[in-house]
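The numbers here are math on the coordinates, done by the rules we state, and not lab data. Just so you know, these numbers come straight off a predicted model, no measurement behind them. Virtual Cβ from ideal backbone geometry, glycine too; neighbours counted across all protein chains shown.
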Amino acid sequence: MAIKMKGFSKTLLATAAALAIAGTAQAETLKIALAGPATGPVAQYGDMQKIGVEAAIDYFNANGGINGMEVEGVIYDDACDPKQAVAVANKIVNDGITHVVGHLCSSSTEPASDIYYEEGILMITAASTSPSITEKGYDTIFRTIGLDSLQGTLAADYISGTVKPERVAVIHDKQQYGEGLATTVRDSLVEAGIEPVMFEGVTAGDKDFSALIAKLQKADVDFVYYGGYHPELGLILRQSKEKGFEAQFMGPEGIVNSDLAKIAGDATEGVLATAPKSFDKNPENALRVAAIEEKGLDPTGPFVFPAYAAVQIMADTIDAIDSTDPMAMAEYISANEFETAIGHVKYDDKGDLTESTFLVYELHADGSKTAAE
Amino acid sequence: MTEASLYLLQQIINGLTIGSTYALIAIGYTMVYGIIGMINFAHGEIYMIGSYISFIVITGLLAMGHIALPAVLFVALVVAMLVASSYGWAIERVAYRPLRGSNRLIALISAIGMSIFLQNYVVLAQGSRDVAMPPLISGSLVEFGSLETFEVTISWMQLLIWVVTLISMTVLTLFISRSRMGRACRACAEDIGMTNLLGIDTNRIIAMTFVIGAALAAIAGLLLGLYYGVVNPFVGFIAGLKAFTAAVLGGIGSIPGAMLGGLILGVTEALTAAYFPSEYKDVVSFGLLVLILLFRPTGILGKPEVEKV
């Protein structure tokens, strides 16, 4: 902890020093605000964003800057607290910065985005997945991360296209995340011509699923999609194995956790799950991964490369239109396509990615996962 | 047999399994209520502690290796029962005895406080995440029906739960009906003041009911721990609530009532989940409780309370 704090205060010092220098050479510097938690319980996610953005900035500065301008990241700490996020957003406005990467937590991003939109500031979030952020129709707000609901359509596509089961059951835990995903999966399956034979909720925190399993057996189900988290699915898998119920199980990112294998043991083998792509494993990112590792930082965090991509998109846009005007940039971003660290990026009219950043994985009994075919 | 009846049979088997463990926990509620007329809300936490202790002992012994599984389980059972009993005894000594004689509500609040304390104490000591154990007992004893229609299975684990519950219940019934302590216990339930006057140490009897209840809850903790393979510091709350419902259903204060109530609750839950969406499981079982309380406030086997003068 002490080391972390030291590193953090160093960055602050560096930022302060950079700010002082920047004052004299304002015309040649492009400032990008980095808004996210630098303190608080989810500060580790803020670190991921910082690693990604700083790696991108280092890259551009080493290669002549963005459109000839030197880039500088300025860190703003919202501690993942909506109230502080509003204060941070106002501070960014007062500091005259018009390009923001962040915020991280959806609950912070949402109130902050109101301010950015009103002030005509360009914001790209690399981590907030709540659909409501882009539903307001703000044209200067974008993401470099997929929505939760994209997992549902991806799963349904995989089920109807690759697994092709005969009888599907869709089970969920009655919570916003799980039931939302399960509903998306069911609706997409129906569209693809597969009518699930069962759609049912279980109680989160429940431990006994023997009645549910007998019901699945009776319905002769050969594929189960579970919308929810690992503790319940782990028990369902374990009890299914005990009861000799053999079906293919699939779930969302919420089940991808090493605890699943601890609970379910061997029954975890072969379970399918949708999870964010491991961008650091992509060979195209090898040089970027190496550059981050060289600095002694961790490139594996899920938000590192989405944050990197956010800076790339801004840079490409400024290069292309030869302007840093946020409104003009927003227009260009929504109309064009980009090649980034997270792959091909194209936006729909709301500012969401059109292509999913999720991938179907196969889970293993030892807690690891491999990409499914 | 037809598919429908095989399915019904399987669901009843599932319900009896979970119902047996409700019954084991319910006895702790019912005995304490029967004697001092208070509801020990910390009882669910004793079950949770029993589960943790058996996990610790089992994983510890298995790590040592070369010990036969039945021996491991037996040692775990004994240790869990001993530790849980000492918790039961200590709770009574610390949180209830000083308050005896005061308003019933005060003891109830003390019980809720104890429950919160124990839950958070385990969170601090063991962490709040799920602790898991690999399946130790697997496989099925009987499988009948055919694969084309529906196959009824009774797993070894379910059988173990039934057998252990049956033995515990028989021993408890014999103890209460035949032994001197058991007689004293029944006397306390009838009239605690009079029993005291007759020279029986009622404090000892009350402490003993807490110890017996805790030991049975520890047995349930071990069995359900093995069955589910998972325990966390919050399992006591919902298990306690279900067992309390079972005790009220059967008639609080009555030991056979707690046993019956547990089984009825378990089977009701399984059958609800079988023929309705499983999310209605708790709605129906707690709805049943409301109905019983409305039409038969003393529960199925409970005796109407005679106002003591």
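Quick notes
- Paramagnetic label zone (point 7 Å from Cα along Cα-to-C-beta, B:Phe286; backbone N under 19 Å) in region B:226-258: B:234-250
- Modelled this way, with points 7 Å down the Cα-to-C-beta line, the labels at A:Glu135 and A:Asn282 are 2.8 nm from one another.
- For chain A, the relative contact order works out to 18 percent when only alpha carbon pairs closer than 8 Å and six or more residues apart are counted.
- Whether region A:266-366 is rounded, prolate or oblate, judged on the alpha carbon gyration tensor where a/c under 1.5 counts as rounded: oblate
- Each residue of region A:159-171 is assigned a 3J(HN,Hα), and the resulting list reads 5, 6, x, 10, 6, 6, x, 7, 10, 10, 10, 10, 10 Hz, derived from the Karplus form 6.51 cos²θ - 1.76 cosθ + 1.60 (θ = phi - 60°), x at Gly and Pro.
- Net dipole in debye of region A:87-145 [+1 Lys, Arg Cβ; -1 Asp, Glu Cβ; about Cα centre; nearest 20]: 180
- Residue by residue along B:134-141, Cβ atoms of other protein chains within 10 Å of the local Cβ number 3 on average.
- For region A:350-366 versus region A:206-262, the gap between their alpha-carbon centres in whole angstrom: 21
- Counting, for every residue in A:195-204, the Cβ atoms of other protein chains within 10 Å of its Cβ and taking the mean gives 2.
- Neighbouring partner chain Cβ atoms per residue of B:234-246, average, 10 Å criterion: 1
- For A:Leu359, nonlocal amide neighbours, meaning residues 5 or more places apart or on other chains whose placed amide H falls under 5 Å from its own, are A:Ala275, A:Lys277.
- For a label point 7 Å along the Cα-to-beta-carbon line of B:Leu198, residues of region B:252-285 with backbone N under 18 Å: none
- Helix A:82-94 axis, angle to chain A major axis (alpha carbon atoms, nearest 10°): 30
- Tensor-based shape of the protein assembly as shown (alpha-carbon gyration tensor, a/c under 1.5 rounded, otherwise prolate or oblate): prolate
- Under 25 Å from the Cα of A:Lys174 - lysines, other chains or at least 8 residues apart: A:Lys207, A:Lys215, A:Lys218, A:Lys241, A:Lys243, A:Lys262, B:Lys242, B:Lys281
- Region B:1-108 shape via C-alpha gyration tensor axes, a/c threshold 1.5: oblate
- Each residue of region B:183-191 was assigned a 3J(HN,Hα) from its phi angle through the Karplus expression (A = 6.51, B = -1.76, C = 1.60, θ = phi - 60°), giving 5, 4, 4, 5, 4, 4, 4, 6, 7 Hz with x at Gly and Pro.
- Point-charge dipole on Cβ atoms (K/R +1, D/E -1) for chain A, about Cα centre, debye to 20: 1020
- Rounded to whole Hz, the Karplus (6.51, -1.76, 1.60) HN-Hα couplings of region A:99-112, x for glycine and proline: 10, 10, 9, x, 7, 9, 6, 3, 5, 8, 4, 4, x, 5
- Highest mean packing comes first when the peptides A:265-276, B:88-99 are listed by Cβ atoms within 10 Å, giving A:265-276, B:88-99.
- Inter-label distance for B:His66 and A:Glu293, nm, one decimal - labels placed 7 Å from Cα along Cα-to-Cβ: 4.3
- Relative contact order for chain B, counting Cα pairs under 8 Å that sit 6 or more residues apart, in percent: 36
- Cα-based reach from A:Lys295 at 15 Å (exclusive), listing aspartates and glutamates while leaving out same-chain residues under 8 positions away: A:Asp47, A:Glu54, A:Asp58
- Between helix A:304-321 and chain A there is an angle of about 50 degrees, using the helix long axis and the longest principal axis of the Cα atoms.
- Listed by Cβ neighbour count within 10 Å, with the fewest neighbours leading, A:Lys243, A:Lys136 appear as A:Lys136, A:Lys243.
- B:Leu159-B:Leu82 FRET efficiency (beta carbon distance; Förster radius 25 Å; 0.05 resolution): 0.45
- Extension gain, B:Met181 back to B:Leu105 (0.36 nm per residue minus Cα-Cα distance, nm): 24.5 nm
- Fewest neighbouring Cβ atoms within 10 Å first, the residues A:Lys241, B:Lys281 line up as A:Lys241, B:Lys281.
- Residue (of B:Val131, B:Thr195, B:Gly50) at the positive-pole extreme of chain B, dipole from beta-carbon charges: B:Thr195
- For chain B, the longest principal axis of the Cα atoms and the long axis of helix B:281-295 meet at an angle of about 40 degrees.
- For A:Lys164, the aspartates and glutamates whose Cα comes closer than 18 Å to its Cα, not counting residues fewer than 8 places off in the same chain, are A:Asp187, A:Glu191, A:Glu195, A:Asp220, A:Asp222, A:Glu246, A:Glu362, A:Glu373.
- Counted by neighbouring Cβ atoms within 10 Å, the residues A:His344, A:His172, B:His66 run from fewest to most as B:His66, A:His344, A:His172.
- What the Cα atoms of region A:158-207 give is an Rg and a Dmax of 11.5, 34 Å.
- Percent RCO, i.e. relative contact order, over region B:73-201, from Cα pairs under 8 Å lying at least 6 residues apart: 9
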